[in-house]
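Participant: One structure coming up, written as structure tokens, with questions to follow.
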Amino acid sequence: MPSSTTDMTAAPADEPRGEDAPLRLAAHASPGLSGTATIPGDKSVSHRALIFGTLAVGETRITGLLEGEDVLDTARAMRAFGAAVTRDGPGAWRVQGVGTGALAEPADVIDCGNSGTGVRLIMGMMATCPISATFTGDGSLRHRPMGRVLDPLALFGARAVGRRGGLLPLTLVGAEAPVPVRYATPMASAQVKSAVLLAGLNAPGETVVIEREATRDHTERMLMAAGAEVSVSETPEGHAIALTGRPELRPLTVAVPRDPSSAAFPVAAALVSEGAEVLVPGICLNPTRAGFYTTLAEMGAEIAHENPREEGGEPVADLRVRFSALAGVEVPPERAPSMIDEYPMLACLAASAEGPTVMRGIAELRVKESDRIAATVAGLRANGVAVDEHEDGMTVHGRGPGSVPGGGLVATHLDHRIAMAFLVMGLGARAPVTVDDARPIATSFPDFRTLMAGLGARIQPAG
Ligand code: S3P
């Protein structure tokens, strides 16, 4: 449910907004899932469409925008920076932009709710403008590291004052006379890369970001579509993206593709539901996002990619998924950036695969909406699945199809993906799997329960 700023001030610090009490849900075994799962718009593209709409001069038109709380928080923030943001109907939005150097100074605190992408990209967007803004978020976001964007933004001339350890709330004072930057990201992070590129837009000269492993490239694609001068090259240091500052960005017409990270849940549900066949149309399969689907193919999942085509500048296909006997695999660590949000779901699927599944090189999961390695390990153990925890990953000891015991209670820690992953696991488990609070699902997939119920999934309030 969309929330208002007033909801936030009323909510205790460690609770999501919206409903007052935690929403405990239980997922019961649901064989024979069938039908069509219509997935909402991609979260990453939705945030960027609103931000680029604000930075362009003229009117950006968006269709298929994800109307989850994270993106609605970004829409509110864009209004605070001076854009006129209008909703014409479900998923149909317009943004009247102000131009890169002409952001207004927000009159109040910018509350980004649960969204790391929102706050980090917006800080990048304003860091080279002569304005200040104060940012905060919910109990999850206020624990997440902001130093990873504040460090490169300081190189442009921006200054931040916040809590120790670079935590929100913090105030960012934009650079009066920004200089361009050359920055090698110390971790694989599209959020950091995007914050630097967005800051580079209002710095004179060439800003360069270098990443050792390529991460999702929606920012680069949108910059190019809007007319910015961007070049991408492979250098001895890594994948380098160079941007010429101070372009006039043209407004775009953005058809947001359907989110592969949200699609992961009904896809996985079909894989564990005996006799299931589910169609998941129009899923974005941008190679920087599709690692989960590559891994599923290696595990023996029966997923047909039908009708491959291009939509809104992204490769998409319809996925037809059938119940499958999966085999455990070792996921190559270099694949991590292309499936970073899908590890909780993969780990829950691996529980019903034959043999171990090894996931390494994913220490970044410890600084997501929750420590996703710890939360996943605890949830699996609570449901009778053996798992080894590593500093940079986990190994799940699969029990084979249909043999996950279930029956446990999972702590979701304000993390939408932990909630959805374990509910999906419950659909194929012997006893129901319960999550302690499903409210955070509204941040990225508000219609999750309705959509899953439409396929025949039994996900119900639990006492
Ligand atoms: C995102 C990047 C990823 C991902 C997040 C969305 C983005 O984070 O986990 O859900 O839209 O740029 P990192 O870039 O920090 O890995």
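The values are calculated or read from the model by the stated rules, or taken from the named source; none is laboratory data. Bear in mind that the values here come from a model prediction, so they are computed numbers and not experimental data. Here the Cβ is made from the backbone with ideal geometry for all residues, glycine too, and neighbour counts use every protein chain on show. All accessible areas refer to the heavy atoms of the entire protein, side chains included, with ligands and DNA or RNA removed. Shrake-Rupley method; radii C 1.70, N 1.55, O 1.52, S 1.80 Å.
Participant: Can you confirm whether A350 is open to solvent by less than 40 Å² (accessible area, probe 1.4 Å), free of Cβ contacts under 8 Å to residues at least 40 places away in the same chain and assigned by TED's automatic domain parsing to the domain that holds R372?
Facilitator: No: the conditions fail for A350.
Participant: Taking the residues in segment 196-236 that are within 16 Å of the ligand (Cβ to nearest atom) and hydroxyl-bearing (S, T, Y) as candidates, determine which candidate is farthest from S338 (Cα to Cα).
Facilitator: T219
Participant: Is segment 91-99 home to any residue that is in the same structural domain as L50 (by TED's automatic domain parsing), part of a loop (DSSP other than H, G, I, E, B) and open to solvent by 10 Å² or more (accessible area, probe 1.4 Å)?
Facilitator: No, that holds for no residue.
Participant: With the requirement that a residue be open to solvent by 50 Å² or more (accessible area, probe 1.4 Å) and among the hydrophobic types (A, V, I, L, M, F, W, C), what does segment 356-374 give you?
Facilitator: The answer is A363, and nothing else.
Participant: Please note which strands (runs of 3 or more DSSP E) are completely contained in segment 143-220 and include at least 2 residues that are crowded, with 18+ Cβ neighbours inside 10 Å.
Facilitator: 159-163, 167-173, 206-211
Participant: Let me ask another. Residue check, A386 against (1) of a type in the set (G, A, S); (2) free of Cβ contacts under 8 Å to residues at least 24 places away in the same chain; (3) crowded, with 23+ Cβ neighbours inside 10 Å, all met but one. Which one?
Facilitator: All conditions are met except number (3).
Participant: Among the residues of segment 125-142, write down those that are within 20 Å of A184 (Cα to Cα) and part of a loop (DSSP other than H, G, I, E, B).
Facilitator: Result: A127, T128.
Participant: Any residue in segment 204-220 that is on the phi > 0 side of the Ramachandran plot sitting within a Cβ distance under 9 Å of a residue that is more than 11 Å from the ligand (Cβ to nearest atom)? List the pairs, counting only those 6 or more apart or interchain.
Facilitator: G205/V179; G205/P180; G205/T244; G205/G245; G205/R246
Participant: Taking the stated definitions as given, is P333 within 16 Å of the ligand (Cβ to nearest atom) and surrounded by fewer than 24 Cβ atoms within 10 Å (Cβ to Cβ)?
Facilitator: When the stated conditions are applied, P333 passes them.
Participant: For a quick check of your reading: which strands (runs of 3 or more DSSP E) sit entirely within segment 1-81 and have at least 2 residues that are of a type in the set (A, V, I, L, M, F, W, C), more than 18 Å from T450 (Cα to Cα) and at pLDDT 95 or above?
Facilitator: In segment 1-81, the matching strands (runs of 3 or more DSSP E) lie at 57-63.
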